[in-house]
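In what follows, a single structure is set out as structure tokens and then discussed.
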Amino acid sequence: MKKLTKTQSGYINPPPKSLWPINGKGIRCKTCIYFKRNACAIVSGSIHPQACCNLWALKKPKTNFICGEDIEDILIDNEYY
């Protein structure tokens, strides 16, 4: 599969604070399912962990279920925020 360019993906480094929903953290490459070791499975080039793009998708939590009020605690515990 050919990777997208940073421009095509809407890559921003650093992302605007509007994408940091809780405690100044949130939508960043390091919390994305496609990110691994300063690289992205679908965007070409070196990827900064604090950046983000339009293709961001949350990594699957290490727990099997998420229930209402517990979601923030689970995400924080798993370092998604």
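The values are calculated or read from the model by the stated rules, or taken from the named source; none is laboratory data. Since the model is a prediction, treat every value here as computed from it, not as a measurement.
Numbers for the structure displayed
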quantity: Per-region count, the stretch 1-26, residues among the β-branched types (Val, Ile, Thr) and modelled with pLDDT under 80; calculated: 1
quantity: All positions within the stretch 27-74 that are modelled with pLDDT under 80 and of a type in the set (Lys, Arg); calculated: 60, 62
